[in-house]
1. How about the stretch 10-92: which chymotrypsin sites (Phe, Trp or Tyr not before Pro) there are in a DSSP loop, with at most 12 other Cβ atoms within 10 Å of their Cβ?
2. Given labels modelled 7 Å from the Cα in the Cβ direction, how far is it in nm from residue 27 to residue 43?
3. For every other residue with a beta carbon closer than 15 angstrom to the beta carbon of residue 154, add +1 if it is Lys or Arg and -1 if Asp or Glu, then tell me the sum.
4. Considering only C-alpha atoms, what is the centroid distance from the stretch 104-122 to the stretch 14-31, in Å?
5. Grab the beta carbon distance between residue 134 and residue 35, set R0 = 41 Å, and tell me the FRET efficiency rounded to 0.05.
6. Subtracting the Cα-Cα distance from 0.36 nm times the residue separation, let me have the gained length for residue 3 to residue 168 in nm, one decimal.
7. A 18 angstrom limit on the alpha carbon distance is what I want to check against. Which of 63/155; 63/108; 62/155; 108/155 exceed it?
8. For residue 191 and residue 148, what is the calculated FRET efficiency with R₀ set at 25 Å and r taken between the beta-carbons, to the nearest 0.05?
Amino acid sequence: MAAPTPVSALVHSSTLVTAGVYLLIRFSNLMQCFRILRLLIYLGVLTTLIASLRALFEPDLKKVVALSTLSQLGIIIRTLALGFRELAFIHLLTHAVFKALLFICRGKIIHNVGGYQDTRKIGGEMFNLPVTRIIIVLSSYALCGVPFLAGFYSKDLIIEARLIGDIFFINYCLYILSVGLSTRYSFRLLFMSIRRRRLNYINLENISTDIKTGKRGVFVMGVYS
């Protein structure tokens, strides 16, 4: 179901999509008594792999960000199923910030090109929006887990916790693969956005005042990323 970009930013970061994950975190102590946790581990792995592989071949600008939400939620579910409730909640909070930032910035690009979302047609538009370009790169790096950004602290703690504990080698390889795929589709989307292949009818003078004033919230989220 498609929605306007501000609605997608709210839904994918902190409300509808993440509500079920937050509910599982709240009831994690109750689930420790059942054998459903092992099922959640493999469901999380499957969700992350399918969403990441789908994002690698998706040309739509917003759908890639939406699929990355599914990928990160799979990581959170798997972390929760292993008993790291606090780490899952930390990653849920950090993910909400840079995912909302990604949606807002992508929405600004889509607004400037007249509603087109195909990255094969609107490549190079980031060069016309220098501030948005910097914030998109910052939030994408946070999603990848680049050091000293928000995503690094949550993902690094999760990987360290997995290394310290007793872990099956295949499960560890699947976890590293899922984290690596998130980096792969993030850099692919950046590359597709930077390529100078865009439509000729774009008129940057039609940017509305609402989009300009919306930069304040983007700057605030950029600081937290």
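Readers should treat all values here as calculations from the given coordinates under stated rules, not as data from a laboratory. Since the model is a prediction, treat every value here as computed from it, not as a measurement. Cβ placement follows ideal geometry from the backbone for every residue including glycine, while neighbour counts extend to all protein chains displayed.
1. Filter output for the stretch 10-92: 27, 34, 57.
2. The two pseudo-label positions are separated by 1.1 nm.
3. Once all neighbours under 15 Å are counted, the net charge is +2.
4. That distance is 32 Å.
5. Using R0 = 41 Å, I get an efficiency of 0.30.
6. Extra length from residue 3 to residue 168 when fully extended: 55.3 nm.
7. Beyond 18 Å: 63/155; 62/155; 108/155.
8. It comes to 0.60.
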